[in-house]
Amino acid sequence: MAHWFHRNPLKATAPVSFNFYGVAGSPAANKICNDLRTTRARLLEMFTDSTCTPETMKNASDAYFSLLQGFITSLDGTTQENKMRFIQNFKWTDTLQGNMASAQQDAVFELASMAFNVAIWYTKFASRLTGKENITEPEAKDVHKSLKVAAGIFKTLKEVHIPRLITPAEKGRDLEPRVIDAYIIQCQAEAQEVTIARAIELKHNASLIAALSFETANFYQKADHTLNTLEPEYSSKWRKYLQLKQYFYMAYAFCYHGQTLLASDKCGEAIRSLQEAEKCYSRAEALCKEYRQTKGPGTTAKPSEQLFFLKLGALIKSTLEKCQRENGFIYFHKIPAEPPQLELKASYGLAEPVPFELPPLSEQCTAEVYATFDLTKGAKNDKAKPKEEEVKPMKEPDLKPQKDTGCVVS
């Protein structure tokens with residue numbers, strides 16, 4: 001499976017003890033606090049465990065989120081905020097902002113930040129799988145599903161949970177609309193790359209492959225435009241990736257559209273489409289070099305030297321040569337000055353985010369136990385103002401460039 005994906009770093013966070021001395025007024029309340037601490041620590045360990053599977057990740061995240069909701073959902077039968085929502089301060093870094101963390105004393109901020117990291121993990125899991133030798137069809141499906149699951153998490157955070165924050169996310173932070181939109185669109189585009197690889201391997205109609213490639217290129221362009229008002233210092237490398245993928249899949253679209261035109265005996269138009277594919281490919285090649293030279297968060301690689309990139313160049317070259325031979329012997333068509341206008345719509349194969357739902361509230365979090373938390377008994381902390389504080393980054397298992405084996409989905 002010949003894919004390569006840029007990945008930004010995981011978010012990092014400061015440890016949280018959940019030690020509410022005096023406030024937790026019963027053994028059951030203390031157990032909730034202890035379980036919050038242990039399930040949070042366990043989930044954080046899973047992010048950097050290279051053996052972690054989607055099933056393990058879901059179990060670990062569900063265990064924590066089912067308890068954390070006890071500090072968010074109203075348990076006293078009223079519409080008022082949960083009295084425990086603002087008791088604990090949480091610090092998180094952002095995927096584009098280095099080790100400087102922002103802090104909020106809000107359990108919703110913790111939920112959104114942790115779920116964001118879960119989504120990032122799914123994208124990294126997909127990236128690691130595509131770097132394996134001899135990837136199987138079930139593994140290819142796992143890549144496709146993981147990217148759609150990640151898109152669904154990002155989408156639900158944007159639409160449901162982030163709007164509940166008392167303090168809005170600052171510019172360039174993960175929870176602000178432009179950044180999270182870019183992640184949603186990128187996940188969809190990458191999932192469609194898997195679909196395209198499958199369609200090519202199974203020799204589907206060239207018009208379908210061209211349409212899927214065109215739609216995927218448009219996704220990458222949209223994601224890039226979403227980031228164009230962010231500071232170049234931390235967005236440039238990511239944007240170079242999105243741009244090179246846009247031109248790469250435009251090259252794919254023109255290449256396969258050229259095959260469609262040739263099959264319809266429109267050889268002159270086919271040649272012009274292939275010439276445009278060459279131009280897009282050359283632009284993608286230049287962007288690969290710019291990507292390597294651009295500093296910023298994320299993985300480092302040489303995409304233009306990997307097999308997925310080289311194979312497309314060879315395909316464009318051989319297809320164009322075939323069209324030119326056919327035109328010289330059979331068609332004698334005039335080659336148009338302008339490239340064909342791609343107005344391609346894929347009728348199927350487009351990747352939609354998988355809806356994300358939080359697990360049910362833990363059975364430990366009952367109204368009776370909730371009543372034993374007494375905020376008047378503990379030391380009151382002032383609500384934390386958003387501030388920057390350095391947090392140690394996570395040691396990730398997949399920071400090295402993905403190995404391109406040249407395998408395809410079989």
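The values are calculated or read from the model by the stated rules, or taken from the named source; none is laboratory data. Just so it is clear, the structure is predicted and the values come from calculations on it, not from any experiment. Cβ placement follows ideal geometry from the backbone for every residue including glycine, while neighbour counts extend to all protein chains displayed. Note: accessible area is taken over every heavy atom of the protein model, side chains too, but ligands, DNA and RNA are not part of it. Shrake-Rupley method; radii C 1.70, N 1.55, O 1.52, S 1.80 Å.
What whole-number value in Å² describes the accessible area per residue of the chain for a 1.4 Å probe?
Result: 45 Å² of accessible area for each residue.
Pull up the cross-link candidates among the aspartates and glutamates for residue 289, meaning alpha carbon to alpha carbon under 19 Å and not fewer than 8 places away within one chain.
224, 233, 278, 305, 404
For residue 49, tell me the accessible area in Å² from a 1.4 Å probe, rounded to the nearest 10.
Estimated to the nearest 10 Å², residue 49 gives 50 Å².
When only alpha-carbon atoms count, how far does region 50-131 stretch along each of its three principal axes, as whole angstroms with the largest first?
Result for region 50-131: principal-axis Cα extents of 50, 31, 16 Å.
Among residues other than residue 273 whose Cβ falls under 15 Å from its Cβ, what is the net charge (Lys/Arg +1, Asp/Glu -1)?
-2
Give the dimensionless ratio obtained when the Cα radius of gyration of region 104-160 is divided by 2.2 N^0.38 Å.
Against the empirical 2.2 N^0.38 Å value, I get 1.35 for region 104-160.
Give me the Å³ per residue figure for the convex hull around the C-alpha atoms of region 205-339.
Spread over its residues, the Cα hull of region 205-339 gives 100 Å³ apiece.
Above 24 angstrom, tally the Cα pairs of region 105-218 and express them as a % of all pairs, no decimals.
The proportion of pairs with Cα distances above 24 Å equals 36 percent.
First select every other residue whose beta carbon is under 10 angstrom from the beta carbon of residue 66; then total the charges, Lys and Arg +1, Asp and Glu -1.
Summing Lys/Arg as +1 and Asp/Glu as -1 gives -3.
Accessible area, 1.4 Å probe, largest first: how do 122, 220 sort?
Sorted descending by solvent-accessible area, the residues read 122, 220.
Give me the Kirkwood hydrodynamic radius of the chain in Å, from all C-alpha pairs, to one decimal place?
Averaging 1/r across every pair of different Cα atoms and inverting gives 23.1 Å.
Of the cross-linked pairs 83/395; 237/266; 124/171, which ones have a Cα-Cα span greater than 32 Å in the structure shown?
Those over the limit are 83/395; 237/266.
List the aspartates and glutamates whose alpha-carbon lies under 18 Å from that of residue 392, not counting same-chain residues fewer than 8 positions away?
Qualifying aspartates and glutamates at Cα under 18 Å: 45, 49, 94, 110, 174.
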